[in-house]
Amino acid sequence: MPYVMAIDQGSGSSRAFVFDVSPDGVLSTVGSASQPVESQFPAERSVEHDAEELFETCRESAEAALDSAGLAWSDLAGIGVTGQTETIVAWDRETGEPAAPAISWRDQRPGATDVVDALEGEQQQVFTERTGLPIAPTWSAPKIRWMLDGGNEDVAALARLDRLALGDVASWVVHRLSGRAEHVTEPSFASRWGLMDLATQQWDPELAAMFAIPPAALPAIRPSDALGARVAEGLAVGGAPIIGALGDQQAALYGHGGRRSGQTKITMGTGAFLWANAGAVAPEAFAGLVATCAWAPQDRETAYALEGFLPNAGAVVSWLRSLGLLAHDAWPELDEAALRDRAMRALPAIAGLGTPYWAPDATAVFEGMDSGTTPGQIVDACIVGTVHLIADAIDSIASAVEPDTILLDGGMSQNDSIAQALADLTGATISRSSEEATGVGIALLTAHALGIVPPEAGSVEHDATFHPRLPTSERESIREHWQAFVERVL
């Protein structure tokens with residue numbers, strides 16, 4: 001069978017997986033390895049990485065994964081790269097050396113916030129219309145502008161000498177794996193910079209001018225499955241082709257098989273990440289949603305996505321455990337009575353609210369508590385409130401893209417009663433996987449590009465399905481009462 005490697009460069013680790021691929025799209029892991037990645041916190045709200053460490057941990061993980069599989073680089077049919085988006089790396093185009101620490105996607109440094117705040121209202125409107133992103137310091141462009149404004153003198157000096165190169169983590173890893181021969185990215189990563197026109201999938205000169213970023217420093221945008229790079233002979237004799245790249249959440253949607261418009265992925269971890277395949281036409285951002293590129297293959301239609309984020313998912317369970325309301329290893333067990341209960345409600349906004357409310361300063365609110373309220377009722381109300389909030393985000397997406405299937409993963413989703421509650425409160429069928437989908441997704445994109453398997457084939461295994469049990473009229477009544485409660489407390 002052909003072998004495909006997935007390299008996943010994350011904020012906490014760099015991982016590599018070697019899969020053998022069957023003609024029907026079944027991927028079997030034959031080797032894997034992981035290396036931790038350190039985060040640095042040099043100042044208030046600043047998060048950075050050692051750029052050299054980002055690459056070296058990828059290289060070490062890849063070589064260890066090959067060793068565990070008993071293979072060499074030359075045995076690979078192709079390599080795909082995935083990882084954290086919005087993180088930005090700057091290096092010297094002549095020497096190839098990093099010019100500064102990589103600034104993380106988690107970084108909210110005041111300097112980048114100042115860049116965003118300095119944009120006029122018309123500029124902010126153009127930014128969102130072109131990119132699909134709400135104006136925020138999260139994206140790469142404000143971080144780059146901060147460096148060029150003197151936040152990092154080495155970066156500013158390289159820009160003056162026309163020697164500056166900028167890249168996301170996929171750009172950086174591919175650049176180094178190729179022996180510094182390639183400076184490329186692809187649309188799913190590029191759509192998170194704040195410099196790409198979402199409709200054309202090309203860097204936008206007006207946006208580059210808005211942030212005063214030299215276009216020559218930007219990587220070439222190539223199709224998601226046609227990067228045109230190879231592992232350098234200095235790293236491996238007969239190095240394998242580096243086929244493509246996808247952002248980590250995009251790769252997870254691809255790995256779930258969410259390649260049809262309307263298919264929606266929810267990862268329920270500490271927070272909840274909601275991604276809906278929005279089809280082949282770039283959508284508009286609205287209602288607290290981000291419009292972005294999912295993937296743009298060479299010989300197939302581009303897929304766009306709508307993204308929502310909720311900060312309160314598994315974090316609510318951890319909070320309830322810390323309060324002693326749940327045992328350390330316990331999970332709540334919801335039933336239909338908990339969904340119907342209107343005597344007590346909870347808005348578990350322990351870390352503010354995300355999509356569709358975007359109320360970062362919101363706090364937890366309880367309604368209907370009295371001297372007879374039990375710990376179990378508090379737990380149930382908090383978990384039901386969490387599921388309602390996820391359903392609210394799904395409703396906001398449904399006004400643009402009607403979800404036909406919800407593909408579910410993440411630690412919190414493995415509780416059957418929570419998965420069933422999500423089906424009941426959304427009225428959607430839930431298809432759950434216990435597999436990690438990110439590495440599978442970029443490996444499948446690579447296999448599809450190589451023609452090993454047909455483009456429609458392959459996904460993680462979905463080993464449980466949950467159908468809504470509540471009658472439509474009852475579900476609508478429950479949801480209406482919930483939304484009235486949220487409106488009151490906000």
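The values are calculated or read from the model by the stated rules, or taken from the named source; none is laboratory data. Source: prediction; values computed, not measured. Every residue, glycine among them, receives a Cβ derived from its backbone with ideal geometry; neighbour counts consider all protein chains shown. Protein only, heavy atoms only, side chains kept; ligands, DNA and RNA dropped before computing areas. Shrake-Rupley method; radii C 1.70, N 1.55, O 1.52, S 1.80 Å.
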*Select from the range 236-273 the residues that are assigned to a helix (DSSP H, G or I) and either open to solvent by 30 Å² or more (accessible area, probe 1.4 Å) or of a type in the set (Lys, Arg) (or both) and list them in ascending order.*
248, 249
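In the list 294, 303, which residue meets the criterion of being in contact (Cβ under 8 Å) with a residue 12 or more places away in the chain and in contact with a helix residue (DSSP H, G or I) (Cβ under 7 Å, 6 or more places away or on another chain)? First the steps, then the outcome.
Values: 303 fails: in contact with a helix residue (DSSP H, G or I) (Cβ under 7 Å, 6 or more places away or on another chain).
Unique residue meeting the criteria: 294.
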*Pull up the range 365-395, narrow it to residues that are among the polar types (S, T, N, Q) and within 24 Å of residue 420 (Cα to Cα), then point me to the one that is modelled with the highest pLDDT.*
386
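With the requirement that a residue be outside any strand (DSSP E or B) and either farther than 30 Å from residue 142 by Cα or of a type in the set (S, T, N, Q) (or both), what does the range 1-23 give you? Walk me through it before giving the result.
Restricting attention to the range 1-23, the residues satisfying the condition of being outside any strand (DSSP E or B) are 1-2, 10-12, 22-23.
Once the filter is applied, which keeps residues that are outside any strand (DSSP E or B) and either farther than 30 Å from residue 142 by Cα or of a type in the set (S, T, N, Q) (or both), the range 1-23 yields 1, 2, 11, 22, 23.
Conditions (1) of a type in the set (Gly, Ala, Ser); (2) assigned to a loop (DSSP other than H, G, I, E, B), marked per residue:
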position: 25; (1), (2): yes, yes
position: 46; (1), (2): yes, yes
position: 55; (1), (2): no, no
position: 62; (1), (2): yes, no
*Subset of the range 360-394 [surrounded by fewer than 16 Cβ atoms within 10 Å (Cβ to Cβ) and either hydroxyl-bearing (Ser, Thr, Tyr) or under 21 Å from the mean Cα position of the chain (by Cα) (or both)]*: 360, 363, 371, 373, 374
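Can we say residue 307 is open to solvent by 10 Å² or more (accessible area, probe 1.4 Å), of a type outside the set (Ser, Thr, Tyr) and within 15 Å of residue 266 (Cβ to Cβ)?
Numbers: open to solvent by 10 Å² or more (accessible area, probe 1.4 Å): yes; of a type outside the set (Ser, Thr, Tyr): yes; within 15 Å of residue 266 (Cβ to Cβ): yes.
When the stated conditions are applied, residue 307 passes them.
Which of the residues that make up the range 217-235 are part of a loop (DSSP other than H, G, I, E, B), buried (at least 19 other Cβ atoms within 10 Å of the Cβ) and of a type outside the set (Lys, Arg)?
First pass over the range 217-235, keeping only residues part of a loop (DSSP other than H, G, I, E, B): 218-219, 222-228, 231-235.
If we keep only those that are buried (at least 19 other Cβ atoms within 10 Å of the Cβ) as well, we get 218-219, 222-225, 227, 231.
Within the range 217-235, 218, 219, 223, 224, 225, 227, 231 qualify.
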*Residue within the range 299-318 that is over 30 Å from residue 193 (Cβ atoms) and out of contact with any Pro (no Cβ under 8 Å at 6 or more places or on another chain) present*: yes
*Evaluate the following for residue 31: is it of a type in the set (Gly, Ala, Ser) and more than 27 Å from residue 255 (Cα to Cα)?*
no
*For the range 160-216, enumerate the residues that are over 20 Å from the mean Cα position of the chain (by Cα), closer than 23 Å to residue 57 by Cα and not in a strand (DSSP E or B).*
175, 176, 177, 178, 179, 180, 181, 182, 183
_Based on this model, can you work out whether residue 67 counts as within 17 Å of residue 444 (Cα to Cα), acidic (Asp, Glu), surrounded by fewer than 19 Cβ atoms within 10 Å (Cβ to Cβ) and touching a residue at least 24 places away in the same chain (Cβ under 8 Å)?_
no
